[in-house]
1. Label segment 90-204 by shape, choosing from rounded, prolate and oblate, from the square roots a ≥ b ≥ c of the eigenvalues of the Cα gyration tensor; if a/c is under 1.5 it is rounded, and otherwise prolate applies when a/b is larger than b/c, oblate when it is not.
2. Using packing as a proxy for protection, rank 23-32, 91-100 so that the peptide with the highest average count of other Cβ atoms within 10 Å comes first.
3. Can you tell which of GLN161, GLN137, GLN214 shows the greatest fluctuation in a Gaussian network model of the chain with Cα springs below 10 Å?
4. Please list, by residue number, every one of the GluC sites (Glu not before Pro) in segment 24-121 that is coil in DSSP and has at most 12 other beta-carbon atoms within 10 Å.
5. Please list, or write none, the lysines whose alpha carbon is within less than 21 Å of the alpha carbon of LYS231, excluding same-chain residues fewer than 8 places away.
6. Lysines within cross-link reach of LYS14: Cα-Cα under 21 Å, excluding same-chain residues under 8 positions apart?
7. For segment 1-93, list log₁₀ I(q)/I(0) at each q in 0.15, 0.17, 0.19 Å⁻¹, using the Debye formula over Cα point scatterers of equal strength and ignoring solvent, two decimals each.
8. Starting from segment 186-252, pick out the trypsin sites (Lys or Arg not before Pro) whose DSSP state is loop and whose Cβ has at most 11 other Cβ atoms within 10 Å.
Amino acid sequence: MSAPGIMPERRAKKSLGQHFLRDAGVTGRIAGLLDVRPGDQVIEIGPGPGALTALLRPLPWSRLLLLEKDDEYARGHASLPMPGLEVFHGDALGFPWQDLEGPWKIAGNLPYNVASPLMWDVCSRVPALERAVFMVQKEVAERLLAAPGSRQYGALSAWIQSFCVPGKGFPVPPSCFAPPPKVDSAVVVLTPVSGPRPARPDHLAALLKLCFQQRRKQLQSILRRAFPPEKALEALEREGIAPGQRPETLSPLQFQALAARLFS
Ligand code: SAM
């Protein structure tokens, strides 16, 4: 059961969403799903005391980048240098994802308070994401995997699925962490979509936010307030979407096509 880190655990900080993995089976399965091959470039978000990092360090990567906001853990990892290992001491939400060159594999037992915005950024901004393996709250995993028309489907689902294909990893109970979180967790695997990525992510993001702030309303009523009414109705008609449909019935591809028409 014990998954020793590479440095002593300190008292967990709630503000940083710290729940440390204690289950060697879980860390082993996360590392296995990441599937690190010789020469890979790898990022771990939030290594903390290093339960997962301990398994990543011996793998045959060419670069391992650790992103950690906690001062002591960031300093601790920086004090254990290895060729190719770098520590980014700061907020992963402020990391320049768009500057990453070449393919990257990214893993993390994500701090639950920022997991959704982090995945939003990783999926859309890393130019050549190869694969991501993340531990998140079970409800967030369900939203990532949700199909249009389901109760869990929302802006995060349509956004992530516009860039990545989410796959089920495995469920993880609170007893695998110290301190145990109040909620169940799950590991998800994200791989890039095979088709083209959205050409204007900013337009797609704006449309998703607009629509899902009012998910109970009909699309015609949402869009006619935000765009010239004729343009809104024409865009819906051209995409074969009934004006009375609600946002949660649209697929990620329909949102992308609608955004392209509305912002043209
Ligand atoms: N990987 C460790 C494990 O599994 O035991 C720790 C996981 S803990 C759930 C989340 C980690 O993310 C903590 O180490 C925390 O300090 C770090 N963290 C929290 N917010 C962060 C942020 N915005 N940017 C980078 N790291 C963050």
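1. On the way: a/c = 1.86, a/b = 1.32, b/c = 1.41.
In terms of gyration-tensor shape, oblate.
2. Result, highest mean Cβ count within 10 Å first: 23-32, 91-100.
3. In the Gaussian network model the winner is GLN214.
4. On the way: sites: GLU44, GLU68, GLU72, GLU86, GLU101; in loops: GLU101.
Taking segment 24-121 and a limit of 12 other Cβ atoms within 10 Å, the loop GluC sites (Glu not before Pro) found are GLU101.
5. LYS209, LYS217
6. Candidates past the 8-residue exclusion: LYS69, LYS138, LYS182.
7. -0.54, -0.70, -0.88
8. Details: sites: LYS209, ARG215, ARG216, LYS217, ARG224, ARG225, LYS231, ARG238; in loops: ARG215, ARG216, LYS217.
Filter output for segment 186-252: ARG216.
Read-outs throughout are calculated quantities, based only on the coordinates presented, and are distinct from any laboratory measurement. Bear in mind that the values here come from a model prediction, so they are computed numbers and not experimental data. Counting neighbours? That spans all protein chains shown, and the Cβs are built from the backbone with ideal geometry, glycine included.
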